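The values are calculated or read from the model by the stated rules, or taken from the named source; none is laboratory data. What you see is a predicted model, and the numbers here were worked out from it, not measured in a lab. No Cβ is skipped: glycine too gets one built from the backbone with ideal geometry, and neighbour counts run over all protein chains shown. These area figures cover heavy atoms from the full protein model, side chains too; ligands, DNA and RNA do not enter into them. Shrake-Rupley method; radii C 1.70, N 1.55, O 1.52, S 1.80 Å.
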Amino acid sequence: MIAPDATIGFVGTGVMGRSMAGHLMDAGYRLRVNNRTRLKAEPLLERGAVWCETVADVAEGASAVITMVGYPVDVEQVYLGSGGLVECAAPGTVLIDMTTSSPVLATRVHAAAASAGVRAVDAPVSGGDVGARDARLTIMVGGDADAFAHVEPLLRVMGPNVVLQGGPGAGQHTKMSNQLAIAGCMLGVCEALAYAEGAGLDPALVLSSIGAGSAGSWSLANYAPRMLSGDFAPGFYVKHFIKDMRIALDSARELGIDLPGLEVLLALYERLAERGGAEKGTQALYLLYKEHAAGL
Ligand code: NAP
């Protein structure tokens, strides 16, 4: 099991990563950090984290390295690229990818790591920016049981619900299942609010009823108030949700699973992105229902 004062590498200190890394520091781990844009790591550096110019440098002396980057292409570069983690991490290091990425890529990283004497797990998260900030993330892990047991205490610093779902890629498959459940909720929340407004009701008052009944959900509780107050900041980027839906559809196709509902939602989000919404939070889907007022 990882020592409570071990040195941990962290790559990707964006919306999610900076909170997650901060909790690790609070728990007593020593941090080595890298982010493409150094400015976003500054709050951690001010607290004593060590800045590293490269991911290879991050791995230097680290018992485990966590990555929370954006896209599969970033994961591929950070792990499998020249000077990447698989090439540079010392044997015995556990590499933990918490990015939402492709299950197939997770299995490739696991295999490449194993040949280099390094262990790798995929451990994507759910709970949003709020869950990251409050250390309340749900963490879905794929990989070998011994690697999981080694890093489980580290993961528990970032959230209480940490489950080994199966072998390599199982964490990412579980996250796809999670995104499918969220997709349906987002559509439902938007259409519930659009209908309530169209019917001349006070949508905030409507929320006080439907949020307490069987329609209640995390999306309704967290996103509907942001939609109504015109707060479309990320949170969870539209561009990242589109990435997730494309991964889920590709993966479903390979598995021979039909997901017609997800195709509808992806087309709506692609329309939102084409109209300038890619950098907004996913609650901005509501703007499509209010196009006349949106300025999209
Ligand atoms: P983000 O703010 O864009 O953070 C990703 C960070 O990774 C960025 O700061 C980026 O650098 C950095 N990065 C990318 N490639 C890199 C590389 N090769 N080397 C070093 N740093 C690199 O995104 P986020 O919202 O934190 O999300 C991160 C991941 O978690 C995504 O896969 C997302 O789908 C997933 N996720 C997000 C949420 C959420 O609510 N936000 C919830 C669950 C899961 P720059 O600063 O230069 O862009």
> Pairs, please: C-beta under 7 Å, at least 6 apart or cross-chain, first residue in contact (Cβ under 8 Å) with a residue 60 or more places away in the chain and in region 50-79, second of a type in the set (F, W, Y) and more than 8 Å from the ligand (Cβ to nearest atom)?
Replying inline: I66/F10
> Within region 257-275, restricting attention to residues that are over 15 Å from L180 (Cβ atoms) and charged (D, E, K, R), which residue is least open to solvent (accessible area, probe 1.4 Å)?
Replying inline: E270
>> With the condition being touching a residue at least 40 places away in the same chain (Cβ under 8 Å) and open to solvent by 20 Å² or more (accessible area, probe 1.4 Å), I'd like the helices (runs of 4 or more DSSP H) fully within region 172-256 carrying at least 2 qualifying residues.
In response: 218-229, 238-255
>> Checking the conditions here, which among M1, M68, M20 is outside the structural domain of P153 (by TED's automatic domain parsing), out of contact with any strand residue (DSSP E or B) (no Cβ under 7 Å at 6 or more places or on another chain) and either under 21 Å from V141 (Cα atoms) or modelled with pLDDT of 95 or more (or both)?
In response: M1
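If you check G61, G12, G70, G22, which single one turns out to be open to solvent by 30 Å² or more (accessible area, probe 1.4 Å) and of a type in the set (G, A, S)?
Working: G12 fails: open to solvent by 30 Å² or more (accessible area, probe 1.4 Å); G70 fails: open to solvent by 30 Å² or more (accessible area, probe 1.4 Å); G22 fails: open to solvent by 30 Å² or more (accessible area, probe 1.4 Å).
None of the others qualify; the one that does is G61.
On the given criteria, is L80 surrounded by 14 or more Cβ atoms within 10 Å (Cβ to Cβ), more than 20 Å from T7 (Cα to Cα) and more than 9 Å from the ligand (Cβ to nearest atom)? Explain how you work it out, then say what you get.
Numbers: surrounded by 14 or more Cβ atoms within 10 Å (Cβ to Cβ): yes; more than 20 Å from T7 (Cα to Cα): yes; more than 9 Å from the ligand (Cβ to nearest atom): yes.
Considered against the rule, which asks whether it is surrounded by 14 or more Cβ atoms within 10 Å (Cβ to Cβ), more than 20 Å from T7 (Cα to Cα) and more than 9 Å from the ligand (Cβ to nearest atom), L80 comes out as yes.
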>> I need every pair where a residue in region 107-133 that is farther than 16 Å from D97 by Cβ has its Cβ under 6 Å from the Cβ of a residue that is not in a helix (DSSP H, G or I), sequence separation at least 6 or different chains.
In response: G117/P91; G127/R136; G127/L137; G127/T138; G128/F236; D129/G235; G131/L137
